[in-house]
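The values are calculated or read from the model by the stated rules, or taken from the named source; none is laboratory data. Since the model is a prediction, treat every value here as computed from it, not as a measurement. Here the Cβ positions follow ideal geometry from the backbone for every residue, glycine too, while neighbour counts run over all protein chains shown.
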């Protein structure tokens, strides 16, 4: 079989999964295409990729075409750091207010909708923007994800930056799951062993990173230099294991997506493929 076409998120938050491949410590048995989450979502759904991390929202909206894979996700127990709302007024006062939102996110945008409508009972006006951090710097409300969200933490007043993972956890008691790993159903049916081999490599890479965090941090610093100790704290906050608590968080997120009309039916939240961590 030909090598499976795989995606990876091109933010520093993916490095604990992918740094081992970048360092040459582990070989990935396929091709890797780096892009922003929204682009990876479209490529997987449209068939340009065989497997990829995919936004939790995009998975929920396209679950009939996909096989949910085990062991890995990108989320947080509470504070996530890299998905933030910037606003000079509290979220409960944003009814009818314009919020500039990144085009790069699907899960974050829908989590913001859930929080606004379901937690705070407000309905802002969402405006897609190529550079929402510029709007945030102008004092306008904005949703930022990834490294731009981290920039906001260092540049903007602390009281104007609201962590969406914290807001969700305070409200629901659940973890956040922003991305899961999935394969196209046709790709999995065509080459199940190839998909498993890719997941083995990914879980092995994550295991490598946990034992070589200083190398992961050095690679992250080479991409975006941050104050000493930042990446250690950031990666400790993130959750990369698709365990029962993460599955519960994904289930709660999907229930809320349905409550706001973003999806029509609830998707499976238990992986179809048997876990590959222990072999």
Segment 255-276 - residue that is free of Cβ contacts under 8 Å to residues at least 60 places away in the same chain and outside any loop (DSSP other than H, G, I, E, B) and, of those, surrounded by the fewest Cβ atoms within 10 Å (Cβ to Cβ): 255
Selection count, segment 1-28, where residues are assigned to a loop (DSSP other than H, G, I, E, B) and crowded, with 16+ Cβ neighbours inside 10 Å: 5
Output for segment 101-150, where each listed residue is free of Cβ contacts under 8 Å to residues at least 40 places away in the same chain and either part of a loop (DSSP other than H, G, I, E, B) or in the same structural domain as residue 39 (by TED's automatic domain parsing) (or both): 120, 121, 122, 123, 124, 130, 131, 138
Residue check for residue 87: outside the structural domain of residue 240 (by TED's automatic domain parsing) and within 30 Å of residue 198 (Cβ to Cβ): no
Selection count where residues are outside any helix (DSSP H, G or I) and either modelled with pLDDT under 95 or buried (at least 19 other Cβ atoms within 10 Å of the Cβ) (or both), scope segment 36-59: 8
Given (1) in contact with a strand residue (DSSP E or B) (Cβ under 7 Å, 6 or more places away or on another chain); (2) more than 25 Å from residue 182 (Cβ to Cβ); (3) surrounded by fewer than 16 Cβ atoms within 10 Å (Cβ to Cβ), number of the condition residue 103 does not satisfy: (2)
Residue match in segment 115-131 (condition: crowded, with 24+ Cβ neighbours inside 10 Å and either modelled with pLDDT of 95 or more or farther than 26 Å from residue 248 by Cα (or both)): no
Residue 111 vs. criteria more than 14 Å from the chain's Cα centre (by Cα) and surrounded by 24 or more Cβ atoms within 10 Å (Cβ to Cβ): no
Tally of residues being without any contact (Cβ under 8 Å) to a residue 24 or more places away in the chain and either under 19 Å from the mean Cα position of the chain (by Cα) or more than 22 Å from residue 95 (Cα to Cα) (or both) across segment 159-169: 0
Per-region count, segment 85-96, residues touching a strand residue (DSSP E or B) at 6+ places or on another chain (Cβ under 6 Å) and either within 24 Å of residue 52 (Cα to Cα) or part of a loop (DSSP other than H, G, I, E, B) (or both): 1
Of all residues in segment 179-220 being under 18 Å from residue 147 (Cβ atoms) and within 20 Å of the chain's Cα centre (by Cα), the one that is surrounded by the fewest Cβ atoms within 10 Å (Cβ to Cβ): 219
Test: residue in segment 193-213 that is at pLDDT 95 or above, in contact with a strand residue (DSSP E or B) (Cβ under 8 Å, 6 or more places away or on another chain), in a strand (DSSP E or B) and in the same structural domain as residue 37 (by TED's automatic domain parsing): no
So residue 80, is it under 28 Å from residue 142 (Cβ atoms), surrounded by 21 or more Cβ atoms within 10 Å (Cβ to Cβ) and at pLDDT 95 or above: yes
